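Trainee: Take a look at the following structure, please.
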Amino acid sequence: MPGTSGGGGSEDVDSHFKAQLEDDVIREALTSGTDLRQYSQSVEKELRQLENLSIQDYISKAENIATLHHQITECDSILENMQGMLEGFLTHLSTISQEIQSLQEQSASINVQLTNRKQVHTHMSSFIDQLMVPEVMIHHILNTSVTDEQFMNQLKALNQKIKFVKEQNFRDAHSCQDVQDIVDKLTVKGVSKIREYLLQKVYQFRKPLSNYQIPQNAMIKHKFFFEFLLLHARTIAAEIHDEYIETMSKVYSSYFQSYTKQLWKLQYEEGVTRDDLMGVEDTRTNSFFTKSLKSRGTIFTLGSRDSLLSPQGLIQDIIVPHTAGKGDAKYAFEVLFRSQQYALMDNGCREYIFLSEFFMVSDADALKLFMTVMGKSLQHIQKEVCGVVMGCYDSIALYLCVHLIHQYRLLCHKRAVPALDNHWEQLLHMIWPRFEYVVKMNIQSIQECDPSKMAALDMRPHYITRRYAEFSGAVMVLHEKFPLEGVDSLMLQLQDEVEKVILKMAAVFQNRKDQLIFLINNYDMMLSVLSEKTREDSRECERLKELLGQRTGEYIEEVLAPHFGGMLTFVREADHLIANNNTEALKDYEKKVVPLVRSFSVTWKKSVERLNNEVMQCFTNFRTGTLVLQRALETLITAHHTFNRILTNPAFHHLNIKADIVNSHHLIVEAKKYKPTF
């Protein structure tokens, strides 16, 4: 390709020229217009001069250059030697690295060997320590008393060795054969001493008047003894277990039979009978200080009988029949019941905790073991209580017993003892139905009351209402502290029957006013008693307030009628006409107005005085009479104020009565004279 090649050469020449033209010297020569040949010769001459100068300079420095050459040669030799040395060091370092690696491998191997030997040493030391029977163990197991702390410590150590030897025998460790015989002998000796000690403690329970807590506390302190027997001598453990169960079952059964028998002898000789009911008339004429009445004085009254439900009363010391009998003391049923059940609860809780801890049982097993010990005692107590309860007609005593059961059940739960739950349920199934039965007997006695067959009635509160008020207050006091299902229904039935019988008795009086006085006196007495014992907003109190308010309002109308009946009737009728805008009909009352006004102005003061005397003589409670009087005066003042307002109606303007109208303020001033000071 000639054309292509030629073209390429031309381009190279052009680029070369362009590069030369960029040189400052050439550009200056071309710019100045100098002849290039002359310029070339001048440059060549300068170059020769420079070359000659360089040669001369080199010749003058030849000695230094030779010296430098010699030094460079020596340095090169030294560097060559250094290179050889460094190569030797490198070779030596490589050898050292291999040696270090070898040492590391040896060290790791030695560490593994050391660790293995330490593990073997530790294992062997532990093995030997657990296998070896020291002299101190042999000495204490054979010679030391079981109550000594060293015996207990060595027995626990022996227990560990027995377990260890059994484990090694299971693994066919022949080394255990060397100590098997001595371990077995020590075990037999330990079991023998423990058996003797525990049986001795069990036999202490059989001694009369012994304190059970002392041997029990000693056994609990050494409860590991039974655990040791259970692990290594189950037959002996079963012997101790059975001996304790049999002994304590007899001890508790004998104790509670004797205690209950002596306790019932302290009950009131003449208790509440089926004739001591709320609706039965009390015809006894004995002295109020006889023993029989002394026990009956609280049939329907709570008094301080609920003190046994207080935190202190619940856990008060039990009655000691022997001591109480010396003082000829007698008690109500609930007091004896509390003493009996507290003795049972206290002993039962302590026994359950002991059985669970010493014999290492819990839940169903603990309950089963507890019933084996206490079962006979519980059955006897339940039988005895049932016999007394079935003949009991003291409803408050029965209700107190129900509350005692609930409180003692709570105490058992606080002590984490569920074993007596069934016992409490059994007692409730006996006592609660009896309580319902006795209350219903009282209700029936009220239903069967015939006022016509009663002794002459007066307007004072009747004994039935007083009994009801005391009984209802007693029940509600206890019920508010611990509500029980079914009580409200019973008390509502009783309240309904009492209300009915009061109305029946009131009907005996021919005069309506006397009927109302009788009702007010009875309602007021019941309300006063209940208000003192229970909340004022209770259902019973609210109902009595309603009845008392209704009868008081009706009585006020009756008592005001003889003195101010004409004015009250006029006010009621005329006010109704004015309210209906029937002013024309008011004219029919013109003839009545003048006599009414003049009569009132003349007689009102004496009438108020007679009203005061009459009201205050009718009510047994002075406070009630005063309140009724005040309410009557308020009614009178309100009616008189309305009376004066009616007289201002245009229909009566032409009447000449202004001078005779009494200002209501005078009535208010007079009423203040009778205002109560309490």
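The values are calculated or read from the model by the stated rules, or taken from the named source; none is laboratory data. None of the values given here were measured: they were computed from a predicted structure. When we count neighbours, we look across all protein chains shown, and the Cβ atoms used for this are built from the backbone with ideal geometry, even at glycine.
Trainee: Somewhere in segment 321-329, is a residue more than 23 Å from Ile299 (Cβ to Cβ) and in contact with a Ser or Thr (Cβ under 8 Å, 6 or more places away or on another chain)?
Mentor: Scanning segment 321-329, I find no residue that is more than 23 Å from Ile299 (Cβ to Cβ) and in contact with a Ser or Thr (Cβ under 8 Å, 6 or more places away or on another chain), so the answer is no.
Trainee: Ok, one more. Quick one: in segment 520-562, which of the residues that are of a type in the set (Ser, Thr, Tyr) and in a helix (DSSP H, G or I) is farthest from Arg610 (Cα to Cα)?
Mentor: Ser531
Trainee: Considering only segment 206-238, state which residues are charged (D, E, K, R) and in a helix (DSSP H, G or I).
Mentor: Lys221, Glu227, Arg234
Trainee: Let me ask something else. Considering only segment 357-414, state which residues are aliphatic (A, V, I, L, M), part of a helix (DSSP H, G or I) and over 30 Å from the mean Cα position of the chain (by Cα).
Mentor: Val373, Ile381, Val385, Val388, Val389, listed by residue number.
Trainee: If I ask for residues that are in a helix (DSSP H, G or I), of a type in the set (A, V, I, L, M) and surrounded by fewer than 19 Cβ atoms within 10 Å (Cβ to Cβ), which ones from segment 492-508 would you list?
Mentor: Selection gives Leu492, Leu503.
Trainee: Here is a list of conditions, (1) more than 21 Å from Arg460 (Cβ to Cβ); (2) assigned to a helix (DSSP H, G or I); (3) outside the structural domain of Ser607 (by TED's automatic domain parsing), and Gly565 meets all of them except one; can you say which number that is?
Mentor: (3)
Here is a yes/no grid of residues against (1) in contact (Cβ under 8 Å) with a residue 40 or more places away in the chain; (2) over 29 Å from Arg466 (Cβ atoms); (3) under 60 Å from the mean Cα position of the chain (by Cα):
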position	(1), (2), (3)
Glu634	no, yes, yes
His640	yes, yes, no
Ser664	no, yes, no
Leu667	yes, yes, no
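Trainee: Here is a check on your reading of the model: is Gln257 of a type outside the set (Ser, Thr, Tyr) and touching a His at 6+ places or on another chain (Cβ under 6 Å)?
Mentor: yes
Trainee: Further, regarding this structure: Checking the condition under 30 Å from Pro311 (Cα atoms), among the polar types (S, T, N, Q), in contact (Cβ under 8 Å) with a residue 12 or more places away in the chain and not assigned by TED's automatic domain parsing to the domain that holds Gly625, which residue from Ser472, Ser489 passes?
Mentor: Just a single option satisfies the conditions, and that option is Ser472.
Residue by residue, here is whether (1) within 23 Å of Lys675 (Cα to Cα); (2) of a type outside the set (Val, Ile, Thr); (3) free of Cβ contacts under 8 Å to residues at least 24 places away in the same chain holds:
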site	(1), (2), (3)
Val529	no, no, no
Glu536	no, yes, yes
Arg543	no, yes, no
Asp575	no, yes, no
Asp588	no, yes, yes
Val597	no, no, no
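Trainee: May I ask you to verify whether Val417 is in the same structural domain as Arg274 (by TED's automatic domain parsing), in contact (Cβ under 8 Å) with a residue 40 or more places away in the chain and either more than 30 Å from Glu239 (Cα to Cα) or of a type in the set (Ser, Thr, Tyr) (or both)?
Mentor: no
Trainee: Another question, then. If you check Ile236 against the conditions, is it under 29 Å from Ala366 (Cα atoms), surrounded by 14 or more Cβ atoms within 10 Å (Cβ to Cβ) and either assigned by TED's automatic domain parsing to the domain that holds Phe435 or not hydroxyl-bearing (Ser, Thr, Tyr) (or both)?
Mentor: Yes, satisfied.
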